[in-house]
Amino acid sequence: NDIFVYPKLKIYNEKELVKKYDSINFENEVLKFEKIIIAGENQSGKTTLCKVLFKIYMSLNFIPIYLEDEDKYLGNPISKLEKAFMEQYQESSINEFDKTRIVPIVDNFHFAKHQEKYIENYNIYKIQVLIVDDIFGLNIKNQNRIKEYNKFKIREYTAIERNDLIRNWILIKEDTQIQINPNHLQQSIDEKTEIIENSLGIVFGKGIMPSYPFFILSLLAAQDIQKPLDQEITSQGHCYQALIYLYLRKEGVKNDQIDIFTNFLTELAFWIYNKGNNGLTNDKFQDFLEYYKSTFNLPIPINDLIKTLNNVNICR
């Protein structure tokens, strides 16, 4: 509640034409959409939006049920919903409640192996939300099944949303300084906005990293935890370092393996720099790998290392 900023969305009609939609309007309009599909890129805030929608439906006296399963959603769709219901409400049976009040909210639905089966089984629920990475990449053979769904996509934060998020962060983290000096809030917003926009690469146009809350908040947190030992690199460099660490840990890289990845990225960056390029062709990349394997001992297979870096979008 203290930090969330509603993202702007794109809404698609049947001809895939796009209009803008402010998700804050869900507070008053969510019921008019009934069945909803929301798409978003990695770290765009899909799960947080699920939680916000959950609260909105509850405030309207509905019974939202949140489902999350990255293991392909195997099993009976109704049984999975019943199990989630009992865990979230400590009630004995979902059957005691009116189906028109039940709202399945299925996060990461793109992982589901049998998507049509879920859509068919959940057809008994008038209101529902499916969260996916790509609306038009859904593995639905019969596209008529999703015609009745309203389709949205999460957009990157604009300067206004970034400002609101930074303001919310400062109001929490720097409350004492603001009380002492009323000008502190605006000063801190200006300072942090400059660092965030430089770090995201917004000054270069489209940006190096997408303007999503995860990245913005990670960069803000990185500033707060900057250590004296890291002072030899810039604030922006420290933010990148923190993001790389967070991403690798999220992918399951252990703390004692972080240095292996950091060394690989350092050598790769210097190799590209020496070649005077912005990237490497596949042949040139293979040349680098041969150099790296002959120069350094690798405790983990190099193919696993590259696969991890690809999975977290640090390099591909």
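Could you work out [θ]222 nm for the chain from helices alone, using -39500 (n - 2.57) per DSSP H run of at least four and dividing by all its residues? Round to the nearest 500 deg cm²/dmol. Walk me through the numbers on the way to the answer.
On the way: 12 runs with 150 residues, N = 316.
Value at 222 nm, helices only: -15000 deg cm²/dmol.
Calculation over all alpha carbon pairs of the chain in 20 angstrom steps from 0 returns a P(r) of 26, 50, 23, 0 percent. Cross-link partners of Lys20 among lysines, defined as those whose alpha carbon lies under 16 angstrom from its own and excluding same-chain residues fewer than eight positions apart: Lys8, Lys10, Lys151, Lys153.
Looking at the chain only, what percent of DSSP beta bridges run antiparallel? Nearest 5 please. Please list the in-between numbers first.
Details: 9 of 26 bridges.
The answer is about 35 percent antiparallel.
Around the Cα centre of the range 112-211, unit charges on the Cβ atoms of Lys, Arg, Asp and Glu (plus for the first two, minus for the last two) sum to a dipole of about 720 debye.
With 26 Å as the limit on Cα-Cα distance, the pairs of Lys72/Lys126; Lys19/Lys51; Lys72/Lys250; Lys46/Lys83; Lys46/Lys284 that go past it are Lys46/Lys284. Taken about its Cα centre, the chain carries a charge dipole of about 1020 debye when Lys and Arg each add +1 at the Cβ and Asp and Glu each add -1 at the Cβ.
Any idea what the relative contact order of the chain is, in percent, if you count C-alpha pairs under 8 Å spaced at least 6 apart? Each step should come with its number before you reach the end.
Values: 359 pairs, mean separation 56.9, N = 316.
With pairs under 8 Å counted, the relative contact order is 18 percent.
Projecting the Cα atoms of Gly201, Gly75, Leu305 onto the charge dipole of the chain (Cβ charges, centred on the Cα centre) puts Gly75 farthest toward the positive pole. For the chain, the solvent-accessible area with a 1.4 angstrom probe is 57 square angstrom per residue.
Using a Förster distance of 35 angstrom, determine the FRET efficiency expected from the C-beta separation of Asn144 and Met86, and round it to 0.05. Intermediate results must be reported in sequence, preceding the final value.
On the way: r = 33 Å, r/R0 = 0.95.
In this case the efficiency is close to 0.60.
Starting from the Cα of Lys117, draw a straight line to each of the aspartates and glutamates and keep only those under 17 Å, dropping any in the same chain fewer than 8 residues away. Within reach: Glu68, Asp69, Glu70, Asp71, Glu82, Asp107, Glu148. Could you state, as a whole-number percent, how many of the C-alpha pairs of the range 1-103 are farther apart than 24 Å? Looking at the range 1-103, the distances longer than 24 Å represent 33 percent of pairs. From the Cα gyration tensor of the range 77-213, with a ≥ b ≥ c the square roots of its eigenvalues, which class applies: rounded if a/c is under 1.5, or else prolate if a/b is larger than b/c, or else oblate? Cα axes put the range 77-213 in the oblate bin.
Calculate what fraction, in whole %, of the accessible area of the range 54-95 sits on carbon and sulfur atoms when a 1.4 Å probe is rolled over the protein chains.
Values: 1190 of 2440 Å².
C and S atoms contribute 49 percent here.
Comparing Cα centroids, the range 237-308 and the range 84-160 end up 38 angstrom apart.
The values are calculated or read from the model by the stated rules, or taken from the named source; none is laboratory data. Computed from a prediction, not measured in an experiment: that's the story for all the values here. FYI the Cβ positions are ideal-geometry reconstructions off the backbone, even for glycines, and counts take in every protein chain you see. Note: accessible area is taken over every heavy atom of the protein model, side chains too, but ligands, DNA and RNA are not part of it. Shrake-Rupley method; radii C 1.70, N 1.55, O 1.52, S 1.80 Å.
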